[in-house]
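Participant: Structure incoming, see below.
The values are calculated or read from the model by the stated rules, or taken from the named source; none is laboratory data. This structure is a prediction, so every number in the text was calculated from the model and none was measured. Using ideal geometry, Cβ is built from the backbone for each residue, glycine included, and neighbour counts are taken over all protein chains shown.
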Amino acid sequence: MQTDYQIIIVGGGLAGGCLAIALKQAGLNIAVIEAASREQRAGSGAGDRALALAVGTVKMLERLGIWQGVATQATAIKNIHISDQGHFGKTRLSAEREGVKALGFVISARDIEGHVAQLLDQYQIDQICPARVVGLASGGDLVHLSIKSNDEAKNLSAQLIIGADGGQSSVRKLLEIKQKVVEYGQTAIVTTVKTEKHHQNIAYERFTSSGPLALLPMGNAFAVVWTRTHEQAESLLGLSEANFVEQLQDCFGYRLGKFSLQAPRRAFPLTLVRAERMIDDRVAIIGNAVHQLHPVAGQGFNLGLRDVVQLAEMIIEQHQTGHDVGDAFVLNHYAQARQQDHDQVVNFTNSVVRIFSNQWGAVAAARNVGLALLDQLPFAKTQVARHAMGLSGRMPRLGK
């Protein structure tokens, strides 16, 4: 049986698109299958969400040739201000102090997704869109995929299939890979606000009794991620714009002057979700198909891009040495290599949520002492800053 492609990527969003660009540059024969049409994706409200990119993530995007096309649309984070509402503890991180130009960057998902889509076209990558996956079966040296596109059934085959199709991954479901789910009992409200005073490239993270409030500089405004209990979020969403802004202002304060709402309010429940495994016979799943995190540390896309880059490195090495890109040894090695990073990021994120959501007096006092001490310890601040910048682990060799 003839192989249609060496690799089929299911999911044409950021993870799938970045992976396709990396593999196409290496000369692999690939296809991307995406369920939503270009028009649907362009008009989706999800494109308004802000992505916090670590410096390490930007370096990876540069090596893939992606960052160069969106750098002017991103806003640098030069300072981070972390505080605990109603308590004395706070910590401030500074790019200048760490000897770097920025601690990270903020960009709208729509800007970077649009550019990745343009590069997919530029590289003449086969894109089957809109299409949905309806069947998957592995057999011998190939894996077979059944899809439905415009009411027409098609059968494709490849040496390797990669599921980059998000939290509701069809690939993961077809493989019957179970998920571990932790409910936080919180909802994130996301929007954009303009402030009277310029943001001066400062990102704010304020921990409150109901969850964190993050203000991320983006353009001339702030992207807001406000975590509340489900009941509080429902109540806030039911308020008029003026009353909502008043509540937000009461939570953050007036150090930036008065707020004005610049975008619709959207909400989504917060859970920690992890797939019990990330590989199968000639199949791997990456990004949100494997892990979905609380936004408190802004690590979701950063972790997903590291999945992309590490898998791409291993596939390209197999291809360049003339070996099977879907070999079980490679996929097992990939899963083992990613496990530690996943565990560390998930445990860190989960710990931050638990510690800063606990209002018991002794815990609140301890974390505030910790924040105050951290602010006075240069070495410790450097370690926290390097972690925030995504520079504490191995940097990839992939790309330019």
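Participant: Can you name the residue in segment 26-50 that is part of a strand (DSSP E or B) and touching a helix residue (DSSP H, G or I) at 6+ places or on another chain (Cβ under 6 Å) and, of all such residues, is farthest from Ala263 (Cα to Cα)?
Facilitator: Ile30
Participant: Return the residues of segment 136-147 that are among the charged types (D, E, K, R) and surrounded by 15 or more Cβ atoms within 10 Å (Cβ to Cβ); say none if nothing qualifies.
Facilitator: Pass one, segment 136-147, residues among the charged types (D, E, K, R): 141.
Scanning segment 136-147 gives no hits.
Participant: To continue, here is another question. Residue under question is Leu23, and the condition is that it be at pLDDT 95 or above, touching a Cys at 6+ places or on another chain (Cβ under 8 Å), among the aliphatic types (A, V, I, L, M) and part of a helix (DSSP H, G or I); does it hold?
Facilitator: no
Participant: With respect to Gln118, is the statement that it is under 24 Å from the mean Cα position of the chain (by Cα), surrounded by fewer than 20 Cβ atoms within 10 Å (Cβ to Cβ) and polar (S, T, N, Q) true? Full working, then the answer.
Facilitator: Details: under 24 Å from the mean Cα position of the chain (by Cα): yes; surrounded by fewer than 20 Cβ atoms within 10 Å (Cβ to Cβ): yes; polar (S, T, N, Q): yes.
In short, yes.
Participant: Being farther than 18 Å from Ala275 by Cβ, part of a loop (DSSP other than H, G, I, E, B) and touching a Gly at 6+ places or on another chain (Cβ under 8 Å), is that true of even one residue in segment 185-199?
Facilitator: Yes, that holds for at least one residue.
Participant: Residues Val133, Val182: which one is among the hydrophobic types (A, V, I, L, M, F, W, C), in contact (Cβ under 8 Å) with a residue 24 or more places away in the chain, surrounded by fewer than 19 Cβ atoms within 10 Å (Cβ to Cβ) and outside any loop (DSSP other than H, G, I, E, B)?
Facilitator: Just a single option satisfies the conditions, and that option is Val182.
Participant: Examine segment 141-151 for a residue that is within 30 Å of Ser235 (Cα to Cα) and in contact with a strand residue (DSSP E or B) (Cβ under 6 Å, 6 or more places away or on another chain), and state whether such a residue exists.
Facilitator: no
Participant: Looking for whichever is in contact (Cβ under 8 Å) with a residue 12 or more places away in the chain, of a type in the set (A, V, I, L, M, F, W, C) and farther than 30 Å from Val32 by Cβ here; the options are Leu175, Leu156, Leu216, Leu236. Which one fits? Before the answer, list the steps.
Facilitator: Values: Leu175 fails: farther than 30 Å from Val32 by Cβ; Leu156 fails: farther than 30 Å from Val32 by Cβ; Leu216 fails: farther than 30 Å from Val32 by Cβ.
Exactly one residue qualifies, and that residue is Leu236.
Participant: List every residue pair whose Cβ atoms sit under 7 Å apart, with the two residues 6 or more apart in sequence or on different chains, where the first one lies in segment 322-340 and is surrounded by fewer than 20 Cβ atoms within 10 Å (Cβ to Cβ) and the second, anywhere, is modelled with pLDDT of 95 or more and among the aromatic types (Phe, Trp, Tyr).
Facilitator: none
Participant: Right, here's the next one. Mind telling me which of the residues Asn201, Asn150, Asn155 ends up being surrounded by fewer than 19 Cβ atoms within 10 Å (Cβ to Cβ), modelled with pLDDT of 95 or more and not hydroxyl-bearing (Ser, Thr, Tyr)?
Facilitator: Asn201
Participant: Here's another thing I want to ask about it. For segment 53-90, give me each residue that is at pLDDT 90 or above and among the hydrophobic types (A, V, I, L, M, F, W, C).
Facilitator: Step one: list which residues in segment 53-90 are at pLDDT 90 or above, which gives 53, 57-79.
Within segment 53-90, Leu53, Val58, Met60, Leu61, Leu64, Ile66, Trp67, Val70, Ala71, Ala74, Ala76, Ile77 meet the criteria.
Participant: Can you name the condition, by its number, that Lys101 falls short on among (1) loosely packed, with under 14 Cβ neighbours inside 10 Å; (2) out of contact with any strand residue (DSSP E or B) (no Cβ under 8 Å at 6 or more places or on another chain)?
Facilitator: Evaluating Lys101 over (1) loosely packed, with under 14 Cβ neighbours inside 10 Å; (2) out of contact with any strand residue (DSSP E or B) (no Cβ under 8 Å at 6 or more places or on another chain) leaves (2) as the failure.
Participant: Looking at Asp375, Asp324, which is the one that is of a type in the set (D, E, K, R), modelled with pLDDT of 55 or more and farther than 30 Å from Gln68 by Cβ?
Facilitator: Checking each option against the conditions leaves just Asp324.
Participant: Answer with yes or no whether Ala153 is more than 22 Å from Ala15 (Cα to Cα), assigned to a loop (DSSP other than H, G, I, E, B) and aliphatic (A, V, I, L, M).
Facilitator: Against the criterion (more than 22 Å from Ala15 (Cα to Cα), assigned to a loop (DSSP other than H, G, I, E, B) and aliphatic (A, V, I, L, M)), Ala153 does not qualify.
Participant: Do we find a residue being at pLDDT 95 or above and either over 29 Å from Glu176 (Cβ atoms) or over 16 Å from the mean Cα position of the chain (by Cα) (or both) anywhere in segment 283-291?
Facilitator: yes
Table: residues versus (1) in contact (Cβ under 8 Å) with a residue 40 or more places away in the chain; (2) closer than 28 Å to Asp341 by Cα; (3) among the aliphatic types (A, V, I, L, M); (4) loosely packed, with under 15 Cβ neighbours inside 10 Å.
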{"residue": "Ile30", "(1), (2), (3), (4)": "yes, yes, yes, no"}
{"residue": "Ala35", "(1), (2), (3), (4)": "yes, no, yes, no"}
{"residue": "Arg49", "(1), (2), (3), (4)": "yes, yes, no, no"}
{"residue": "Arg63", "(1), (2), (3), (4)": "yes, yes, no, no"}
{"residue": "Ala71", "(1), (2), (3), (4)": "no, yes, yes, yes"}
{"residue": "Lys78", "(1), (2), (3), (4)": "yes, yes, no, no"}
{"residue": "Ile82", "(1), (2), (3), (4)": "yes, yes, yes, no"}
{"residue": "Ser108", "(1), (2), (3), (4)": "yes, yes, no, no"}
{"residue": "Ile112", "(1), (2), (3), (4)": "yes, yes, yes, no"}
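Participant: What pairs come out if I take residues in segment 240-263 that are on the phi > 0 side of the Ramachandran plot and pair them with residues that are assigned to a strand (DSSP E or B) whose C-beta lies under 7 Å away, six or more apart or interchain?
Facilitator: Cβ pairs passing all conditions: Gly257/Thr195.
Participant: With Glu246, Glu234, Glu241, Glu176 as the choices, which residue is in contact with a strand residue (DSSP E or B) (Cβ under 6 Å, 6 or more places away or on another chain) and of a type in the set (D, E, K, R)?
Facilitator: None of the other options fit; the residue is Glu241.
Participant: If Arg110 satisfies every condition in (1) touching a strand residue (DSSP E or B) at 6+ places or on another chain (Cβ under 9 Å); (2) under 29 Å from Val190 (Cα atoms) but one, which is the exception?
Facilitator: Unmet condition: (1).
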